[in-house]
Amino acid sequence: MSSIEAIILAIIEGITEYLPISSTGHMIIASSLMKIAGDDFTKLFTIVIQLGAILSVLVLYWKRFFQSLDFYFKLLVAFIPAVVLGLLLNDIIDELLESPIIVAILLIIGGFVLLKVDDWFKSNEEFDENNPEAHTKISYLTALKIGFFQCLAMIPGTSRSGASIIGGMTQKLNRKTAAEFSFFLAVPTMFGATAKKLYDYYQAGFELSSNQINYLIIGNVVAFIVALIAIKSFIDYLSKRGFKIFGYYRIVLGIALLVIHFFIYPLTTI
């Protein structure tokens, strides 16, 4: 990996982490095109730089992170499914992280889902004067269910934010509330994923060189800055326009990847 490749991947991470288009999927695609997807450090890099993007949530919503213990307990409840399934399926997940074709297929499937989401949960956006918190209140059971939806993103191309936002909407949350809880849930989830990936990397006998440490620092800084912009833009757009544009984007990208793979340039790195 070069410094330019590290910056490109970090920009992609910062833009896509909070959009329902799969940040991991985009980084797999980009790293495959750069022919570095199979490298062990690349796999570590794509996970660790998510920390930079996650820190942007702490900066933008820092007041919300100090609101109550109840808030932390709900995040913990939502985080538990990812811990359990992540440990159980770790080896399978690592194999999936090398397959752009799986990414392409899931991008297309997820795209069709996003085209219909706004219609499926249209009533969530309606304001009830008799119960103004109807579509904004998150219970412990709701948090747990969102946590299970988040686990769908263990399949590259699904989108962690997309899965958890839709999970929240199935529990009658409006788009903005579901999206913000998805952002908050990303903090413990990505911290946990980063710690696990670093531990596995060292357990496998690898050591980080000075250049690789520099790449991780650069990647996190770039992802942090880009994500700050992306979060605000996404929340504003989502609140007003919904998911359809992201659905069309996923479908077009997924089809393009399949065409490239089968007719122009094989992307699979396994």
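Take the chain and mark each of the GluC sites (Glu not before Pro) that is in a DSSP loop with at most 16 other Cβ atoms within 10 Å; the longest unmarked stretch, sites excluded, is 1-125. Note that the chain, at 20 °C in a medium of 1.002 mPa s, gets a Stokes-Einstein diffusion coefficient of 114 µm²/s from its Kirkwood radius over C-alpha pairs.
Of the trypsin sites (Lys or Arg not before Pro) found in segment 1-64, those that fall in a DSSP loop while having at most 12 other beta-carbon atoms within 10 Å are 35, 63. Taking the fewest neighbouring Cβ atoms within 10 Å as the starting point, the ordered list for 61, 18, 140 is 140, 61, 18. A straight Cα-to-Cα reach below 26 Å connects residue 197 with the lysines 35, 43, 74, 145, residues fewer than 8 places away in its own chain not being considered.
Each reported figure results from applying straightforward, stated rules to the coordinates on display, with no laboratory input. Note that the coordinates shown come from a computational prediction; the quantities given were computed from them, not determined experimentally. A quick note on method: Cβ atoms are made from the backbone with ideal geometry, for glycine too, and the neighbour counts reach across all protein chains shown.
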